[in-house]
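I have placed the structure first, in the form of structure tokens, so that the comments after it can refer back to it.
The values are calculated or read from the model by the stated rules, or taken from the named source; none is laboratory data. Small disclaimer: the values here were computed from a predicted structure and weren't measured. Neighbour counts run over all protein chains shown; Cβ positions are idealised from the backbone, glycine included.
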Amino acid sequence: MRLFYFDRKILTNFLLTMIPPPLSEQELMSRVENIAGLTLAQLANQISWTTPPNLLHNKGWIGQLLETVLGASAGSLSEPDFQYLGIELKTIPIKANGNAAETTYVCVVPLEKHLGLTWDKSCVAKKLRRVLWIPIESSSDIPLSDRRVGTGFLWSPDIHTLTKLKNDWEELMEYVALGQIDSIDASYGDYLQIRPKAANAKIRTTGVSRSGKYQETLPRGFYLRTSFTNKIISEFQSGN
DNA sequence: TGGTGATCATAC
DNA sequence: GTATGATCACCA
């Protein structure tokens with residue numbers, strides 16, 4: 001069943017774009033090199049997409065564009081973008097000064113069914129095992145069409161980083177487990193933070209209260225702080 | 001100006 | 001509603 005779904009997904013994407021998924025890391029990185037320096041409009045033209053005037057009503061457009069151009073599988077499965085390769089694709093908006101403009105969304109915070117959940121099994125650990133970061137020019141004074149794609153690079157957290165992420169995750173999840181999700185705000189966590197992840201502030205999902213009963217609450221997501229992604233970028237640039 | 005809370009599109 | 005992809009927008 002899952003195989004069927006996977007195949008249909010790949011096939012649909014291929015028929016729409018004629019871009020097959022990369023079969024090796026080398027093939028993927030060769031595609032990444034080939035698009036470095038291109039503008040978003042040039043990239044969009046490759047697959048006959050129209051560049052929107054801005055991202056206001058298309059916040060995920062750049063991410064979806066890069067996914068498609070690089071042959072990532074489409075769809076909303078909880079799988080890495082490049083399923084064969086176990087690689088997650090993340091675009092990262094870069095300001096004129098070279099720093100990340102926005103935090104990076106990782107995954108939804110489990111607000112129930114988290115009993116016995118450990119770091120190694122968490123969505124954060126799974127998503128961040130191997131990431132293809134692609135910097136994208138994001139200054140608001142550059143029209144979206146003219147913004148250029150940077151040099152993408154593969155990244156895996158080193159042991160120190162992994163420990164920091166694990167500590168953050170465990171600390172944050174402890175509040176969740178104790179039914180104290182509503183007392184957490186975005187200031188908690190060094191590398192990871194928890195923030196709302198919903199269409200609006202009225203959306204509710206099921207969580208757990210302090211007394212252990214089910215309680216409706218705002219859906220949250222894990223995000224990487226810009227200070228952390230800046231660190232990743234500067235380590236790549238300095239060749240570490 | 002940057003960090004936090006709020007929000008947008010879309011598939012299923 | 002839940003998942004994917006994220007950025008917007010306010011205010012200290």
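For the reader, a short list of remarks on this structure follows.
- Here region A:202-230 is the region considered, the condition is being aliphatic (A, V, I, L, M) and modelled with pLDDT of 95 or more, and the residue that is farthest from A:L111 (Cα to Cα) is A:L224.
- Contacts under 9 angstrom Cβ, first residue in region A:49-61 being touching a residue at least 12 places away in the same chain (Cβ under 8 Å), partner near DNA strand C (Cβ under 7 Å from one of its atoms) and among the aliphatic types (A, V, I, L, M), 6 or more apart: A:L55/A:I62
- All of (1) surrounded by 12 or more Cβ atoms within 10 Å (Cβ to Cβ); (2) within 16 Å of DNA strand C (Cβ to nearest atom); (3) at pLDDT 95 or above; (4) not acidic (D, E) hold for A:W49 with one exception: (3).
- Per-region count, region A:152-169, residues loosely packed, with under 13 Cβ neighbours inside 10 Å and over 17 Å from the mean Cα position of the chain (by Cα): 4
- A:L85 vs. criteria assigned to a helix (DSSP H, G or I), surrounded by 14 or more Cβ atoms within 10 Å (Cβ to Cβ) and away from DNA strand B (no atom under 12 Å from the Cβ): no
- Of the strands (runs of 3 or more DSSP E) lying entirely inside region A:141-240, those carrying at least 3 residues that are within 12 Å of DNA strand C (Cβ to nearest atom) and farther than 27 Å from A:P93 by Cα are A:205-208, A:214-217.
- Members of region A:102-117 found to be near DNA strand B (Cβ under 8 Å from one of its atoms) and either buried (at least 17 other Cβ atoms within 10 Å of the Cβ) or free of Cβ contacts under 8 Å to residues at least 40 places away in the same chain (or both), listed by number: A:T103
- Taken over region A:192-221, the criterion of being touching a helix residue (DSSP H, G or I) at 6+ places or on another chain (Cβ under 9 Å), of a type in the set (A, V, I, L, M, F, W, C) and near DNA strand B (Cβ under 7 Å from one of its atoms) is satisfied by A:L218 alone.
- Region A:184-195 residues that are without any contact (Cβ under 8 Å) to a residue 40 or more places away in the chain and of a type outside the set (S, T, Y), paired with ones that are away from DNA strand C (no atom under 14 Å from the Cβ) and not in a strand (DSSP E or B) (beta carbon under 8 Å, 6 or more apart): A:I184/A:L172; A:I184/A:Y175; A:G189/A:D168; A:G189/A:E171; A:G189/A:L172; A:D190/A:K164; A:D190/A:N167; A:D190/A:D168
- Here is the figure for region A:87-121: residues that are touching a Lys or Arg at 6+ places or on another chain (Cβ under 6 Å) and small (G, A, S) total 1.
- Subset of region A:14-46 (residues that are at pLDDT 95 or above and either within 12 Å of DNA strand B (Cβ to nearest atom) or part of a loop (DSSP other than H, G, I, E, B) (or both)): A:A36, A:G37, A:L38
- Members of region A:94-140 that are assigned to a loop (DSSP other than H, G, I, E, B), within 19 Å of A:G60 (Cβ to Cβ) and modelled with pLDDT under 95: A:S140
- One residue from A:L43, A:L70, A:L38 being more than 8 Å from DNA strand C (Cβ to nearest atom), aliphatic (A, V, I, L, M) and within 18 Å of the chain's Cα centre (by Cα): A:L70
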